1. What are the principal axis extents of the Cα atoms in the stretch 4-126, in Å, biggest first?
2. Which lysines, on any chain, are close to residue 104 with Cα under 24 Å apart, when same-chain ones fewer than 8 places away are left out?
3. Rounded to the nearest 20 debye, what is the charge dipole size of the stretch 238-380 about its Cα centre when +1 sits on each Lys and Arg Cβ and -1 on each Asp and Glu Cβ?
4. Under 5 Å between amide hydrogens, which residues at least 5 positions from residue 335 or on another chain qualify, with H placed 1.01 Å from N in the peptide plane?
5. Amide H neighbours of residue 80 under 5 Å, counting only residues 5+ apart in sequence or on other chains, H built in-plane at 1.01 Å?
6. Simple spin-label model, 7 Å along Cα-to-Cβ: residue 58 to residue 136 in nm?
7. Just the number, please: Stokes-Einstein D of the stretch 151-307 in µm²/s, Kirkwood Rh from C-alpha pairs, 37 °C, 0.692 mPa s.
8. Could you give me the ³J(HN,Hα) list for the stretch 170-186, computed from phi with Karplus coefficients 6.51, -1.76, 1.60 and θ = phi - 60°, whole Hz, x at Gly and Pro?
Amino acid sequence: MNDRVLFVDDEQKMLDAVARRFEGTFEIHTASSGAMALQMMEHQDPFGVVICDMRMPQMDGLQLIKEARKKFPDSIYMMLTGNQDLTTACNAVNVGQVFRLLHKPCHSSVLHRAIEDGLMQYDLLNGREDLLRRTFGGALTVLTEILELTHPIVFQRSHTVMRFVDELADQMGLGKPWDYRVAASLANIGRVVVGEHDQDRSDTYGVCIDSEAEIAGRLIANIPRLTDVAEIVRRHPNASRIPDHPEQSRETRIEAGALLLRTAIVYEFHLRSGLKPDRALTQLTHAIPGLAKSVLDAAARLDVSEFSAPDDERPDVEIRPYALKEGMILAQNVQTRDGSLLLSKGTRLSQAFIERLQQMAIRDDLRPLFVQAIVETPDAQEASEDSEPNAADESQGQSDGDTDVGANADHVAADSFSVADEPVAAPI
């Protein structure tokens with residue numbers, strides 16, 4: 001339960017009295033002005049309840065609540081006033097949307113009950129919002145996994161594109177907006193409608209053509225709360241500029257999201273095509289003429305290690321389907337026995353992909369699988385050497401009948417990757 005309460009009043013005696021009265025009951029914080037209250041809300045943990053005096057110099061209680069609600073809509077707001085006219089009450093309710101309007105002088109028992117009710121309301125609303133958010137997020141996860149399984153060639157790029165969008169937004173000072181991530185995961189949904197056989201009809205840079213983006217936007221708009229996501233997806237094929245203040249309004253956030261999505265898709269497309277990062281960045285500037293330097297610099301700082309490791313450092317390793325782990329990267333295309341392409345080289349495996357491959361292996365309908373081997377860094381190798389037992393300890397362990405360390409290490413390696421002299425077979 002969030003029991004943090006912010007009390008705002010220009011009378012210091014009032015603040016001191018409230019702090020003394022409720023010490024140990026609630027976590028009381030005080031501010032002597034509206035500006036001070038806003039600063040505290042900006043830099044501290046969320047407050048469950050905010051109570052402010054109506055009459056304060058420079059910024060009155062109504063102005064404070066209006067400003068605070070823009071950035072902190074989840075807090076519960078109450079107002080104290082010594083003015084009992086009807087206009088004050090109407091403004092507090094209609095404009096400030098306060099949870100309680102309390103009259104001065106206010107008895108401590110009345111204030112105590114109001115704070116308790118406010119904190120309960122805060123927990124109720126935010127608990128329900130969290131449940132809805134998790135339910136909604138789970139439904140979207142199911143949807144994207146189904147799309148990945150039924151149209152893997154189209155959607156296998158989504159995970160990297162989503163990560164790129166996350167990193168770009170973070171570097172641009174936008175955090176990691178949830179709607180940007182959803183837009184990245186659903187951007188190609190229009191291709192499912194048009195037909196997977198037409199997937200190469202996208203432009204030279206791998207971005208959906210306008211008609212596919214329009215279809216995707218229209219489909220996504222039918223899902224509650226995804227109006228902004230639909231707009232981002234619909235606009236991204238033609239996005240070309242980043243607003244000066246992307247976080248300023250809904251429109252600028254959508255415009256920025258569309259450009260970051262297009263940037264991520266284009267850059268990922270060229271990296272997956274085999275271009276080095278510098279060449280891929282050059283192609284990015286050709287695809288989006290006039291791309292802002294801030295966005296280009298952010299793209300240059302993206303983690304592209306999954307594309308750039310040379311083959312001699314990341315050898316192809318054959319692996320049993322049951323040993324696949326989430327996050328492994330395919331070193332070769334995955335094909336069925338009859339040669340049908342399932343997944344392309346470079347795909348980072350999700351749990352949904354792994355489960356499908358394991359089911360196909362049970363039916364013996366899968367050609368051998370190859371992933372990129374994990375390259376141990378010098379630090380990791382040194383740590384591994386430090387952890388190895390010395391010869392005397394190993395000998396003692398064997399004489400006592402303990403499991404041999406070397407054999408155990410071989411067993412682990414074989415469980416993760418198939419060894420050369422051991423044939424790959426479907427799991428029993």
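1. 35, 30, 27
2. Straight-distance partners of residue 104: 13, 66.
3. 440 debye
4. 342, 367
5. Here 52, 53, 54, 102 satisfy the definition.
6. 3.7 nm
7. It comes out at roughly 215 µm²/s.
8. 5, 5, 8, x, 9, x, 10, x, 4, 5, 5, 5, 5, 4, 5, 6, 10
Laboratory data are not the source of any read-out in this text; all were calculated from the coordinates shown. All values reported here derive from a predicted model rather than from experimental measurement. We place every Cβ from the backbone using ideal geometry, glycine too, and count neighbours over all the protein chains shown.
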